[in-house]
Amino acid sequence: MSWRTENEGGALRVVVTKDLPGERWVEVLTAAGCEVVISTSRDILSVDEIREAMGERCDGAIGQLTEPWAEELFEALKQAGGKAYSNYAVGFDNVDLAEATSRGIAVGNTPGVLTETTAEMAVALTFAAARRSGEAEVFLRAGKYDGWLPDLFLGKRLWGGTLGIVGAGRIGSAYAKMLAPGHELDVLYWDVEARPELESFFEGYSDLNAAHGGRRLSCRRAESVEELFRESDIISLHTPLLPETRHLVNSESLALMKPDAVLVNTSRGPVIDEAALVEHLRANPDFRAGLDVFEKEPAMAEGLAEIPNCAIVPHIASATTWTREGMATLAACNVAAVLQGYGCEDSGEIDHFLEGDVPQKAPSILNAAELGL
Ligand code: DGY
């Protein structure tokens, strides 16, 4: 294991299990009086390695979505005197919140800076899948292009179809707003709650579009997820991974989808039963998928890598410099604020954390209410 230390001798000690982009996050922790111990290894650290790094004195930690932050690590953090943990991610299915809360450890995440960036990748995957750009690139690079042909890589036209959003929270809504107006798509969303702000955006957009000779676009909450699967030309998954969303897309739900539908996943891999998807893609060559995440990451289900009607990227939907630096800053602000005894922001605003004086608040603590922060 290789580690580097910033602000050696700081009164508080924070362990960070991967080096993070940007500089502000180190400045935030340093200004809060923290010695920052950073893993410089590109390997995913084991629980033992993280425990060893926290040692006997560790006030806070910033960890990765690839690490299981559960009983063992939270107990080790507590034994080391720790009070704060932040995931370097907005998703937190790798964190056992109850285990942290029961030990009085605050848990942060990094919402707000990933929204448009992740939506952009979902849009990119939508087109890569529908218009077969990855397949065509592989073909071209292999020297197989012998000249223009009328039927070379025929794909699916998206214009005027129905866009199905599973989970219309921040990222799902941003994706719908990015894609649907420009392509005159009707929007059907499925969510635990109605999203009046999304519906009113499309009402307003329809007024504008109609005034310019375009058509009105509908945006409504589906009666059921099955209705969304049946009716949509594009289905994009933006739901958190929960017991009720694990394998939400399985052989039964795939069978409901149109044979030439486009399925996009930038949420979490296990929302799709990947073996069932492989089978479905093989049986339905006009059905296309665009995947950023995988069920057993970094592995892919057997056969998936060879299937042409699936566009794949390695969990990079949030990978822009601005977003990854922003995530680092928010994670550092979470830990620094808790260790300094500050409360938690409740406005959902994040911009003021990213530059200027660091606010005396934590940007996002998931168990703030339970811990009275
Ligand atoms: C997250 O933050 O949850 C993404 O999956 C990685 O940025």
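The values are calculated or read from the model by the stated rules, or taken from the named source; none is laboratory data. Computed from a prediction, not measured in an experiment: that's the story for all the values here. Glycine gets a Cβ as well: all are built from the backbone with ideal geometry, and neighbour counts include every protein chain shown. Ligands, DNA and RNA are stripped out before the accessible areas are found, and what is left, the full protein with its side chains, is counted by its heavy atoms. Shrake-Rupley method; radii C 1.70, N 1.55, O 1.52, S 1.80 Å.
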Quiz item: Could you give the accessible area per residue of the chain, probe 1.4 Å, as a whole number in Å²?
Solution: 46 Å²
Quiz prompt | FRET E, pair ASP346, THR66, Förster distance 35 Å, beta-carbon r, rounded to 0.05 | solution = 0.75
Quiz item: Taking θ as phi - 60°, what are the ³J(HN,Hα) couplings along segment 38-55 by the Karplus curve (6.51, -1.76, 1.60), each to the nearest whole Hz, with x for Gly and Pro?
Solution: 10, 6, 9, 7, 8, 6, 6, 6, 7, 4, 4, 5, 5, 4, 4, 5, 5, x
Exercise. Mind checking which of THR266, LEU228, ALA276 is farthest towards the positive end of segment 155-302's charge dipole, using Cβ charges of +1 (Lys, Arg) and -1 (Asp, Glu) about the Cα centre?
Key: THR266
Quiz item: Sorted by accessible area (1.4 Å probe), largest first, how do THR30, THR117 line up?
Solution: THR30, THR117
Exercise. Sum up the charges of everything whose Cβ sits under 13 Å from the Cβ of GLU184, counting Lys and Arg as +1 and Asp and Glu as -1, but leave GLU184 out.
Key: +1
Quiz item: Which cross-chain or sequence-distant (5 or more) residues have an amide H under 5 Å from the amide H of CYS219, H modelled 1.01 Å from N in plane?
Solution: VAL187
Quiz item: Counting only the heavy atoms of the protein chains, how much of THR5 is accessible to a 1.4 Å probe, in Å² to the nearest 10?
Solution: 60 Å²
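Rounded to two decimal places and with Rh computed the Kirkwood way over Cα pairs, what is Rg over Rh for segment 1-121?
Numbers: Rg = 13.9 Å, Rh = 14.6 Å.
My calculation of the ratio gives 0.95.
May I ask you to derive the relative contact order of the chain, considering only C-alpha pairs under 8 Å and at least 6 residues apart, and to give it as an integer percent? Let's see the in-between values first.
Numbers: 772 pairs, mean separation 68.7, N = 373.
Rounded, it is 18 percent for the chain.
Once you charge only the Cβ atoms, +1 for Lys and Arg and -1 for Asp and Glu, what is the size of the charge dipole of the chain about its Cα centre, to the nearest 20 debye?
On the way: 32 positive and 58 negative charges, 131 e Å.
Around 640 debye, computed over the chain.
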Quiz item: How large is ³J(HN,Hα) for each residue in segment 22-29, as worked out from phi by the Karplus curve 6.51 cos²θ - 1.76 cosθ + 1.60 (θ = phi - 60°), to whole Hz, x for Gly and Pro?
Solution: x, 10, 4, 4, 5, 4, 4, 5
Quiz item: Within the chain, which is the longest segment containing none of the GluC sites (Glu not before Pro) that sit in a DSSP loop and have at most 14 other Cβ atoms within 10 Å?
Solution: 57-192
Practice problem: Mind listing the long-range amide H neighbours of ILE235? Cut-off is under 5 Å, sequence gap 5 or more, other chains count too, H placed in the peptide plane at 1.01 Å from N. | Solution: GLY164, VAL262, LEU263, VAL264
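What ranking of ILE307, ILE171 comes out by heavy-atom accessible area, probe 1.4 Å, highest first? List each step's numbers first, then the result.
Details: ILE307 15, ILE171 40 Å².
So, going from the largest accessible area down, we get ILE171, ILE307.
Within 15 Å, Cβ to Cβ, of ALA276, how many net charges do the neighbouring residues add up to if Lys/Arg are +1 and Asp/Glu are -1? Before the final figure, lay out the partial values.
Numbers: positive: ARG246, ARG282, LYS296; negative: GLU252, ASP273, GLU274, GLU279, GLU295, GLU302.
So the surrounding residues net to -3.
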Quiz item: Once you put a point 7 Å from the Cα of ARG157 and another 7 Å from the Cα of SER2, both along the Cβ direction, what distance in nm separates them?
Solution: 5.4 nm
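Compute the relative contact order of segment 277-336 as a whole-number percentage, counting only Cα pairs closer than 8 Å that sit 6 or more residues apart in sequence.
On the way: 42 pairs, mean separation 19.5, N = 60.
33 percent.
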Self-check item: Partners for LYS83 among lysines (Cα-Cα distance below 20 Å; same-chain residues under 8 apart left out)
Solution: LYS18, LYS361
Quiz item: Hey, how many Å between the Cα centroid of segment 245-263 and the Cα centroid of segment 1-80?
Solution: 40 Å
Quiz item: Hey, if you put +1 on the Cβ of every Lys and Arg and -1 on every Asp and Glu Cβ in segment 12-164, which of SER41, PRO21, CYS58 ends up farthest toward the positive end of that dipole?
Solution: PRO21
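For MET300, MET257, give the ranking by accessible area with the largest first, probe 1.4 Å. Walk me through the numbers before you get to the answer.
Working: MET300 75, MET257 10 Å².
Order by accessible area, largest first: MET300, MET257.
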Quiz item: How many nm is it between the label spots at LEU140 and THR40, if each spot is 7 Å from the Cα in line with the beta carbon?
Solution: 3.9 nm
Self-check item: Table column - 3J(HN,Hα) (Hz), segment 238-250, Karplus curve with 6.51, -1.76, 1.60, x for Gly and Pro
Solution: 9, 8, x, 7, 10, x, 7, 9, 4, 6, 4, 9, 9
Quiz item: For the residue pair ALA211 and ALA11, what label-to-label distance in nm results when each label sits 7 Å from Cα along the Cα-to-beta-carbon direction?
Solution: 5.8 nm
Exercise. Amide H neighbours of ARG13 under 5 Å, at least 5 residues apart or on other chains, H built in the peptide plane: list them.
Key: GLU35, ASP59, GLY60
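Nearest 500 deg cm²/dmol is fine: what mean residue ellipticity at 222 nm does the chain get from its DSSP H runs of n ≥ 4 alone, each adding -39,500 (n - 2.57), divided by its residue count? Don't skip to the end; give the middle numbers.
Values: 14 runs with 137 residues, N = 373.
So the helix-based figure for the chain works out to -10500 deg cm²/dmol.
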Quiz item: Cross-link partners among lysines for LYS177, C-alpha distance below 30 Å, same-chain residues fewer than 8 apart left out?
Solution: LYS156, LYS258
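Two decimals, Cα atoms only, Kirkwood Rh: what is Rg/Rh over the chain?
Values: Rg = 22.4 Å, Rh = 22.1 Å.
So for the chain, dividing Rg by the Kirkwood Rh gives 1.01.
Rounded, prolate or oblate: which fits segment 148-276 when a ≥ b ≥ c are the square roots of the eigenvalues of the alpha-carbon gyration tensor, with rounded for a/c under 1.5 and prolate only if a/b beats b/c?
Details: a/c = 2.12, a/b = 1.17, b/c = 1.82.
Taking the square roots of the gyration eigenvalues as a ≥ b ≥ c, segment 148-276 is oblate.
Ignoring ligands, DNA and RNA, please state the percent of accessible area on segment 1-135 from carbon and sulfur, probe 1.4 Å. Before the final figure, lay out the partial values.
Values: 2560 of 5450 Å².
After summing per-atom areas, the C and S share lands at 47 percent.
Sort 361-368, 151-158 for me by packing, meaning the mean count of neighbouring Cβ atoms within 10 Å per residue, highest on top.
Values: 361-368: 22.8, 151-158: 13.5.
For the peptides 361-368, 151-158, the packing ranking is 361-368, 151-158.
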